[in-house]
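Rule-based calculations on the coordinates, nothing more; no lab input. Owing to the predicted nature of the structure, the values given are computational and were not obtained by experimental measurement. Here the Cβ positions follow ideal geometry from the backbone for every residue, glycine too, while neighbour counts run over all protein chains shown.
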Amino acid sequence: TQQWRGVIEEYRPLLDIPADTPAITLGEGGTPLVRSEWLSAVGKADVWLKIEGQNPTGSFKDRGMTTAISVAVHEGAKACVCASTGNTSASMAAYAAKAGLTPIVLVPSGKIAAGKLAQALVHGAQVIQVRGNFDDCLRMSRGLADHYPVALVNSVNPVRLQGQKTASFEIVDRLGDAPDIHLLPVGNAGNISAYWLGYKQYADLGRATRKPVMRAFQAEGAAPLVTGEVFPEPETRATAIRIGNPASWKLATAAAGESGGGFAALSDDQILHAQAELARRDGVFVEPASAAGVAGFLQDLELGTGPTYAGKQVVVTVTGHGLKDTVTALEWFGEVPEVVVDADIDAAAAAAGLV
Ligand code: F0G
């Protein structure tokens, strides 16, 4: 069989982009859908993980970036700009490098994971650290795109959602129908909006007989979609979703509402606990924000909130790779446990608890 061609060539007729758009691709999409035996047992359900950290730059952002950068090139752009909590900037920098565009990224100073910052820098982005939060950065990148010749590739650019919706297509293609329930983290709310677009399109085309209940989770320190109020000073250790005023607010509430789903908030401890459990029980290492769907599933089961899961097919999107943010992952252990022994088999056996 042929190698996966990236989401534009795999799904081009289903994407609302100009027909002759050249595909700037790194082979994104085609990510694993892996059954979680642990979560299936806990929820008495059939639970699958859509592992988006397997994309080329380690997050789901690559799906929308291939379309956004490809269309920007098609339109003659020379430079591109985005605001980011880290993953969008890493993705944009990589696709811009491939396309020969100049990438400019605006990030909240000191609030993005080191791995993501390294990606943006190494791919050659002009990284501008802003004294402010993501919402300030987004306002600024919109302003830059309004006044200067740079293409805005945040998810307020509808072309981003065209690429991102392909995750829904892949899930239905693999499972044979849409799942009953779909769980995911929400920050700026582009992803939930894109998934819903994809599920609706497949249902309209008759490729799925149903659409899932969309249930989405935020950190309690940055939970505007849960409370209905903007968070002027969002705060969470899940820095990827440290957003107080999501750009796709209306689309996200429509997705939750039309699907019979909704939003709920989680503590940072719940999120970090789910991250560790996912790593230890499923062998899947994700960054903190990416574990919010799993944390939310566990909370719903414990509190009896959300939809009925028993007997249902559930997909949980885990959005980004754990290697993005090793600092937060290691903080979980407090002091990093350090066992140093002489180069001696008996010493290693004793230290490993084998004797
Ligand atoms: N998970 C991860 C790992 C993310 O990086 C993001 C968003 C989300 C979930 C939430 O997705 O914004 O579509 O609701 N990261 C953006 C960024 C904001 O700049 O990388 P969303």
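Loop exposure criterion: GluC sites (Glu not before Pro), DSSP state outside H, G, I, E and B, at most 11 other Cβ atoms within 10 Å. Applied to the chain, the longest stretch between such sites is 76-228. Placing unit charges on each Cβ (+1 for Lys and Arg, -1 for Asp and Glu) gives the range 169-321 a dipole about its Cα centre, and among LEU175, GLY221, PRO234 the Cα reaching farthest toward its positive end belongs to LEU175.
For the range 61-157, averaging the sequence separation of C-alpha pairs within contact (under 8 Å, six or more residues apart) and dividing by the residue count gives a relative contact order of 35 percent.
Magnitude of the Cβ-charge dipole of the range 61-157, K/R +1 and D/E -1, about the Cα centre, nearest 20 debye?
On the way: 9 positive and 5 negative charges, 34 e Å.
With only Lys, Arg, Asp and Glu charged at Cβ, the dipole is about 160 debye.
Shape of the range 1-127 from the C-alpha gyration tensor: oblate (a/c of 1.5 or more and a/b not above b/c, with a ≥ b ≥ c the square roots of its eigenvalues). If a/c stays under 1.5 just call it rounded; otherwise compare a/b with b/c (prolate if a/b is bigger, oblate if not). Do that for the range 220-332, with a ≥ b ≥ c from the square roots of the Cα gyration tensor eigenvalues. Because a/c hits 1.5 or more and a/b fails to exceed b/c, the range 220-332 counts as oblate. In straight-distance terms, cross-link reach from LYS111 covers every one of the aspartates and glutamates whose alpha-carbon lies under 18 Å from its own, apart from those fewer than eight places away in the same chain; here that gives ASP135, ASP136, GLU220, GLU233, GLU235, ASP268, GLU287, ASP325, GLU331.
Which lysines, if any, have their Cα less than 25 Å from the Cα of LYS200, not counting same-chain residues under 8 positions apart? Qualifying lysines at Cα under 25 Å: LYS50, LYS61, LYS165, LYS211, LYS250, LYS312. Farthest toward the positive end of the dipole of the chain, out of LEU323, GLY261, ILE345, is the Cα of GLY261, where the dipole comes from beta carbon charges about the Cα centre. The alpha-carbon positions of the range 61-157 define a convex hull whose volume is 77 Å³ per residue. A simple rule links phi to the HN-Hα coupling: the Karplus curve 6.51 cos²θ - 1.76 cosθ + 1.60 with θ = phi - 60°, which for the range 162-170 gives 4, x, 5, 5, 5, 4, 5, 4, 4 Hz, with x for Gly and Pro.
For the pair GLU302 and ARG139 in one chain, pulling the backbone fully straight at 0.36 nm per residue adds 54.8 nm over the alpha carbon distance.
Charge dipole (Cα centre; +1 on Lys/Arg Cβ, -1 on Asp/Glu Cβ; no other charges) of the chain amounts to roughly 1140 debye. What residues from the range 53-72 fall in the zone where the backbone N is under 19 Å from a label point 7 Å along the Cα-to-C-beta line of ARG281? No residue passes the distance filter.
Taking R0 as 25 Å, what FRET efficiency do you get between ARG207 and GLU37 from their Cβ-Cβ distance, rounded to the nearest 0.05?
On the way: r = 28 Å, r/R0 = 1.12.
Working from the Cβ atoms, E equals 0.35.
Sequence-distant contacts, meaning Cα pairs under 8 Å at least 6 residues apart, place the relative contact order of the chain at 18 percent. In the range 152-218 the Cα-Cα distances spread across 5 Å bins starting at 0 as 4, 19, 29, 24, 15, 8, 2, 0 percent of all pairs. With θ taken as phi - 60° and the Karplus curve 6.51 cos²θ - 1.76 cosθ + 1.60 applied, the whole-hertz 3J(HN,Hα) list for the range 133-150 is 9, 4, 4, 5, 4, 5, 4, 5, 6, 4, x, 4, 5, 5, 10, 10, x, 10 Hz, x standing for glycine and proline.
Compute a Gaussian network model of the chain, connecting alpha carbons closer than 10 Å, and tell me which residue from ASP177, ASP20, ASP146 fluctuates the most. Fluctuation is largest for ASP20. In sequence order, the range 299-307 has phi-based couplings of 5, 4, 5, 5, 8, x, 8, x, x Hz under the Karplus curve 6.51 cos²θ - 1.76 cosθ + 1.60, θ = phi - 60°, and Gly or Pro positions carry x. Here the ratio of the Cα radius of gyration of the chain to 2.2 N^0.38 Å is 0.99.
Between the beta carbons of GLN3 and GLN126, assuming R0 = 25 Å, the FRET efficiency works out to 0.15 to the nearest 0.05.
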